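What follows is one structure encoded as structure tokens, with my remarks underneath.
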Amino acid sequence: MASPFRTIWPTSDRYVEVIDQRFLPHEWVVVKLHTYQEAETAIKDMIVRGAPLIGATAAYGIYLAARTCVEENHDRSFMDQAFEALANSRPTAVNLFWALNRMKERLEVAENLVETAWNEAQAIVEEDVETCRNIGVHGLPIIEALAAKKPGQRINILTHCNAGMLGCIEWGTVTSPIYQAKQKGLDVHVYVDETRPRNQGANLTAYELTRHGIPHTLIVDNAGGHLMQHGMVDMVIVGTDRTTRHGDVANKIGTYLKALAAHDNKIPFYVALPSTTLDLSVRDGLKEIPIEERNQDEVRYVIGKSAAGAIEPVLICPETTQAVNHGFDVTPARLVTGLITERGVCAPNEAAILAMFGDLEK
Ligand code: MRU
């Protein structure tokens, strides 16, 4: 199923546009990025989000910095500032640092700063599309095997947050095997965790599954365990922002609880990821992965569309109640059934990860 749209694209005057995901599913708003500072804000304020898309936006941010640098005759310290600002935009998704490092390496030897940055950012985007398509190729047999065990019955997949095309460029990671299963005629249905506090499941995953004609049901974040206990979930697939060389998985807060419930109910728990989300420098995910802490008002308020049609925040607790807002948690490798990657399905342990991805180690 070729996607009808992408999440980031170049314009004819060589800037870049993105979908403002803060307004989905209610409004389709496009934002044009002209400077690296605008790219930085787009990442910080979650106009764009999802590990691969954060990386792609940062890469284009470096291109925009190169363009300003040349057009306004700045010295190279301008580029250093851009790298630093983008690197500080969000801490957990390693794709951000992967993309910035790749841009830095290319630009260090570039004869034409602007042209090289433009080409490299575009290459990162195109590679992600192909990578995500291949994640689907390798994930599809897992769904087919489950389908073979219950002929004529629906396959129920539970997911958390949004690891769909809206977090990537096209296809998505979690959604790629699901879209390819649908293409093959399999009867797939997705339970979508709403994913508080920002509701990426309710706002984005449900929106994207609707666009792709995938049957789905929205559930509150606490429902997954109950559904699993009652045989209503065949498998869980989630995305990740950083996966360690030992197979520990950082993903949206609440993922760990789904993994525990899946483990207790002997339900396969898969993680779909591009190799750009592997961080081979990290061994112990719990101790070493930086976990983003965001503004407490994301917890205290819920944003939605009112009956009058306005998209607005609503306070859900007493005015004086304080909240804490950790964006991610770490699921230990022992709770993960397998890592679905563009090279194949990999066991979540160091030996298997290095056997498949050791060449990526610097
Ligand atoms: O805070 P977000 O919306 O950027 O978090 C996104 C996730 O947790 C995704 O699961 C992850 O980035 C993978 S996207 C393919």
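What's the total number of residues in the stretch 109-121 that are acidic (Asp, Glu) and either modelled with pLDDT under 95 or closer than 18 Å to Glu71 by Cβ (or both)? Counting residues in the stretch 109-121 that are acidic (Asp, Glu) and either modelled with pLDDT under 95 or closer than 18 Å to Glu71 by Cβ (or both) gives 2. In the condition set (1) within 16 Å of the ligand (Cβ to nearest atom); (2) among the basic types (Lys, Arg); (3) under 23 Å from Glu108 (Cα atoms), Lys44 is compliant with all but (3). If you check Thr195, Thr173 for being under 28 Å from Glu126 (Cα atoms), within 12 Å of the ligand (Cβ to nearest atom) and among the β-branched types (Val, Ile, Thr), only one passes: Thr173. When the stretch 253-282 is filtered for residues that are assigned to a strand (DSSP E or B) and farther than 19 Å from Ala56 by Cβ, the ones remaining, listed by number, are Phe269, Tyr270, Val271.
Take the conditions in a helix (DSSP H, G or I) and in contact with a Leu (Cβ under 6 Å, 6 or more places away or on another chain) and apply them to Tyr179. Does it pass? Criteria not met by Tyr179.
Taking the stretch 307-362 only, how many residues are within 22 Å of the chain's Cα centre (by Cα) and assigned to a strand (DSSP E or B)? Within the stretch 307-362, residues that are within 22 Å of the chain's Cα centre (by Cα) and assigned to a strand (DSSP E or B) number 12.
Residues in the stretch 196-232 that are part of a helix (DSSP H, G or I) and either more than 20 Å from the chain's Cα centre (by Cα) or closer than 29 Å to Lys287 by Cα (or both): Gln200, Gly201, Asp221, Asn222, Ala223, Gly224, Gly225, His226, Leu227, Met228, Gln229.
In the stretch 233-242, the condition of being part of a strand (DSSP E or B), among the small types (Gly, Ala, Ser) and within 14 Å of the ligand (Cβ to nearest atom) is met by no residue.
The values are calculated or read from the model by the stated rules, or taken from the named source; none is laboratory data. These numbers were taken from a predicted model, which means no experiment stands behind them. Note: ideal-geometry Cβ built from the backbone for every residue, glycine included; neighbour counts use all protein chains shown.
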